[in-house]
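Right, one structure below, let's go through it.
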Amino acid sequence: MTKPFATLGADLPASIVVALVALPLCLGIALASGAPLFAGVIAGIVGGVVVGAVSKSPLSVSGPAAGLTVIVLDAIERLQSYPLFLAAVVLAGILQLALSAARAGMLSEFVPSSVITGMLAAIGLILILKQIPHLVGFDGDFEGSFEFWTPDGRNTFTELAASLTQSLTPGAVLIGGVALAFLFWWDKMGPKGGFWRYLPGPLIAVLFGIGANAALGVLAPAWQLGAKHLVQVPIADGPAAFVGLFRLPDFAGWLTGPVWITAVTLAIVASLESMLSVKAVDEIDPRRRRTDKNRELLAQGSGNIASGLLGGLPVTSVIVRSSANVAAGAESQMSAILHGLWLLLSVALIPALLNLIPLAALAAVLIQVGYKLTKPSLFVDRFRQGATQFVPFVVTVLAILLSDLLIGIAIGLVVGFAFVIARNFRSALTFACEDADCLIRARRNLYFIHKYELQNMLARVPDKSTLLIDLSATSYVDLDNIEIINAFIKHAHYRGIEVFLRGDLAGRAPPRIDAPIMEYKPA
């Protein structure tokens, strides 16, 4: 068991990187959700400190999620009260605790790996495509947007084209371009020893952005970036005003239908997104550790209760922050906890400094994270694994890219399960016949999807022959297939077929094969 703070040398710099990634996403998601900007920061703090402390996931990082923006925006408008919405967030957290107690987290284990890697690759592509406009100074869409269609009627590709042809901002291009080039250089050729190995490349890139923009103000004022191209953290006049940024929930209407509909919706969607994100993080964990999904539901529920009580947005495990955490070399959940503390301290103590950070520099950080998620080698590896892995992977990537995260994952799951069913359907049984001796062998357990194949093979057995049905490799044969075998055995004598059975199913299937048959014993 890892001792507390034993991995601090790796977790401390990683936590700074994650905090830099999380800050603009927290603010952007709050803006898109129609909530107070500080609500996103609260959710980021809670996702780090509370969820990080309760969760057993070593690398997952939680916070406000882009996948919930539409749900949150609709709920706030429908309830017409942000404090009442906060009550729904608290109730959603309580429902997640109930899901944890019911051990619902195990359902995530049935998601095919091709869909999980497809989700990672799609998020990487979306990060690149969505952040390029911010890199060149076009900040029309909110940070952290994953939807294909934007509120202004554009889509991911038309917005990208407009940013490159109509909205280039020289100062942003300069700062973002240099920051991006530096990050890739630092990752491949930067110093690996001494003090410098503890200094995160993204932090240097952000500090460069602040300094470069200040220098532009002196050397080329026309190129200096204004407030709309910078981070915009709410600034409180004093401690009392800072405390006033937190909001309390209103439980007066907690028994009404709209509140419970919101709570149930948030609990289900947030839980689904968290389980998929945690499973994806386990896939990219260099040490291949496995997270207890039921404990993760407990952590997410605790986080939503805390976030709702403090005035924050609902939280989920978020793949963007988590993948940045992995890429930065984090070793334990201490990185997630520390990132939440950095968010709290920075917005409380240095909000004016945060508001000097160019969005172009942060876009460079996110583009590098996106590239690490969607490297070309990932597509090549899936292609080499064959159509059963490559097709669901590509479909998931395209579906998420052209819709949104949850719809895309649903489409990917349908395609992935179709391939799983087809693969099992085709290869469960083999048939061979030589002269009057025939063999039907089950190579794995038989389920209802194998009925058609079994019936076809039995129909191919010629009259006046000997048939061996070999079930020795199975540990389970479902009732439908047992009835088919029983019916064939009972009527085989009419066709002069002698049937032998290999494999005792007693205690391994719902009923035994009860027709009068002969046990096959090799000579």
Quiz item: Could you give the dipole magnitude of the chain about its Cα centre, charging the beta-carbon of Lys and Arg +1 and that of Asp and Glu -1, in debye to the nearest 20?
Solution: 1000
Quiz item: Hey, any idea what % of segment 259-358's accessible area is carbon plus sulfur with a 1.4 Å probe?
Solution: 72
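Which FRET efficiency value, to the nearest 0.05, do you get for residue 349 and residue 6 by plugging their Cβ-Cβ distance into 1/(1 + (r/R0)^6) with R0 = 25 Å?
0.30
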Quiz item: Hey, what's the per residue convex hull volume over the C-alpha atoms of the chain, in cubic angstrom?
Solution: 202
Quiz prompt | Virtual paramagnetic centre 7 Å along Cα→Cβ of residue 173, amide N under 13 Å, in segment 213-243 | solution = 223
Self-check item: Near-label residues of segment 443-476 by backbone N, under 15 Å of a point 7 Å along Cα→Cβ of residue 500
Solution: 465-472
Quiz item: Length gain on complete extension for the stretch residue 237 to residue 476, per 0.36 nm per residue less the alpha carbon to alpha carbon distance?
Solution: 79.1 nm
Exercise. Along Cα→Cβ, 7 Å out, is where each label goes; now give me the distance between the ones at residue 391 and residue 248 in nm to one decimal.
Key: 5.8
Self-check item: Total charge dipole magnitude, segment 80-178, about the Cα centre, Cβ charges on Lys, Arg, Asp, Glu only, Debye to nearest 20
Solution: 220
Practice problem: Just the number, please: percent antiparallel of the DSSP beta bridges in the chain, rounded to the nearest 5. | Solution: 45
Self-check item: segment 399-489, accessible surface, carbon-and-sulfur percent (1.4 angstrom probe)
Solution: 60
Quiz prompt | Length added when fully stretched, residue 185-residue 73, from 0.36 nm per residue minus Cα-Cα | solution = 36.3 nm
Quiz item: What is the distance in Å between the Cα centres of segment 104-167 and segment 234-256?
Solution: 31
Quiz item: With the other protein chains left in place, how much accessible area per residue, in square angstrom, belongs to the chain at a 1.4 angstrom probe?
Solution: 44
Quiz prompt | Free-standing Cys, the chain [no other Cys Cβ under 4.7 Å] | solution = 26
Quiz item: Using the Karplus equation 6.51 cos²θ - 1.76 cosθ + 1.60 (θ = phi - 60°), what ³J(HN,Hα) coupling, rounded to whole Hz, does each residue of segment 43-59 give in order, writing x for Gly and Pro?
Solution: 4, x, 5, 5, x, x, 6, 6, 5, x, 6, 8, 5, 9, 6, x, 10
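The values are calculated or read from the model by the stated rules, or taken from the named source; none is laboratory data. Keep in mind that what you see is a predicted model, and the values were worked out from it rather than measured. For neighbour counting, all protein chains shown are included, and Cβ atoms are generated from backbone atoms with ideal geometry for every residue, glycine included. Ligands, DNA and RNA are stripped out before the accessible areas are found, and what is left, the full protein with its side chains, is counted by its heavy atoms. Shrake-Rupley method; radii C 1.70, N 1.55, O 1.52, S 1.80 Å.
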